[in-house]
1. Report the calculated FRET efficiency for residue 338 and residue 60 (r = Cβ-Cβ distance, R0 = 45 Å), to the nearest 0.05.
2. Could you check which residue among 58, 370, 264 shows the biggest mean-square fluctuation in a GNM of the chain with a 10 Å Cα cutoff?
3. Full extension from residue 156 to residue 241: what is 0.36 nm times the residue separation minus their Cα-Cα distance, to one decimal in nm?
4. For the chain, with equal point scatterers placed on the C-alpha atoms only and solvent neglected, what are the log10 I(q)/I(0) values from the Debye formula at q = 0.06, 0.08, 0.09 1/Å, to two decimals?
5. So how far apart, in nm, are the two label points at residue 191 and residue 230 if each is 7 Å from Cα heading toward Cβ?
6. Between residue 96 and residue 32, take the C-beta separation as r, use R0 = 41 Å, and let me know the FRET efficiency to the nearest 0.05.
7. So for each of 252-260, 165-173, 319-327 I average, over its residues, the number of other beta carbons within 10 Å; can you give me the resulting order with the highest mean first?
8. Would you calculate the volume per residue, in Å³, of the smallest convex hull containing every Cα atom of the stretch 80-169?
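Please treat every number below as a calculation from the coordinates, not as lab data. These numbers come from a predicted model, not from an experiment. Cβ coordinates were reconstructed from backbone atoms using ideal geometry, including for glycine residues, and neighbour counts include every protein chain displayed.
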């Protein structure tokens with residue numbers, strides 16, 4: 001016997017680190033994991049790298065050119081006419097834009113890089129909210145299963161009590177059947193919730209950048225935490241910090257810079273060259289050329305019209321986006337407050353009243369002062385109250401997550 005006990009103790013010692021080593025997943029850890037591994041964020045990070053590459057290209061000076069020229073070639077001539085002196089020149093030349101053009105183009109590229117950086121910030125914000133929603137959804141399913149199973153256990157006790165009374169001749173067999181049918185109905189709901197758990201956990205895993213079938217142990221519970229920030233405070237904070245509004249401001253600045261560049265494109269560009277002629281040793285040649293913008297051609301006019309339209313569109317979209325964000329903050333804030341009031345109704349009134357009523361009714365039934373079907377209805381109502389309370393807390397938490405990104409999600 002002592003050997004058996006020693007073996008069990010030894011086995012438990014080896015098994016303990018395995019149990020304790022199974023890491024749970026808090027909401028904070030889930031968000032952190034998604035910010036590192038989510039494929040949407042990874043793709044936007046590559047877009048940021050692309051915009052940095054574009055900015056470098058836009059700031060670059062044109063490559064110098066190696067130039068070769070030959071003069072004195074007599075095309076179509078023969079004899080003495082073709083035997084004239086020919087000179088070969090070899091050198092280098094550099095194209096130069098009108099002063100200010102390259103710096104403007106670099107500024108446009110920098111605006112693009114800043115927009116990509118804000119786009120990454122916006123994507124992280126959206127993913128953070130999506131992870132919260134998915135986490136709360138999975139946790140709601142888990143808690144609902146637990147509530148249903150607890151009610152099922154209480155229902156087992158009721159079935160046992162009704163069966164004892166039936167055997168004593170104090171209850172009809174139909175009462176036993178009703179209780180068993182209610183138990184079967186409850187088990188069906190548990191099966192449905194388990195299926196929903198599989199789907200919800202897969203959704204959360206995919207947001208975390210993992211395989212959908214990886215096991216989850218969710219440690220953060222869904223619980224009501226009061227929201228005490230006023231609507232004007234939230235709006236002021238949103239107007240100064242929302243990536244979407246900053247992006248629209250940068251796009252307007254970018255369009256303004258583009259319009260300036262379109263106007264400057266009507267100015268000529270230059271080319272400088274330095275040559276060494278073959279017939280004059282030690283001598284150097286210098287070349288200067290410039291472009292001739294033809295203002296009556298369509299190119300410059302088209303560039304200007306396009307740049308003006310881009311600027312006007314950015315102005316329109318910036319104002320519209322701000323109004324849209326404020327309107328969605330209003331709607332999301334109202335949803336938070338409505339959901340919060342619903343949670344308070346459950347936690348301050350319904351849950352306590354239902355639990356007290358259930359205890360009293362059980363005592364009444366044991367003394368034959370209550371019909372079985374009335375008690376079954378009360379059990380059903382109690383279960384519904386527990387599940388609806390969980391759903392109310394879930395909707396409140398999801399409303400908070402929606403408020404965090406109101407107006408930010410791409411349309």
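1. Working: r = 56 Å, r/R0 = 1.23.
Efficiency computed from Cβ-Cβ geometry: 0.20.
2. So, out of 58, 370, 264, the one fluctuating most is 370.
3. Working: separation 85, 0.36 × 85 = 30.60 nm, distance 5.48 nm.
25.1 nm is the gain from fully extending residue 156 to residue 241.
4. -0.53, -0.74, -0.83
5. Result for the modelled spin labels: 5.5 nm.
6. On the way: r = 50 Å, r/R0 = 1.22.
It comes out at approximately 0.25.
7. Details: 252-260: 19.9, 165-173: 12.8, 319-327: 14.9.
In decreasing order of mean packing, 252-260, 165-173, 319-327 become 252-260, 319-327, 165-173.
8. Numbers: hull volume 19.7 nm³, N = 90.
Taking only Cα atoms, the stretch 80-169 has a hull volume of 219 Å³ per residue.
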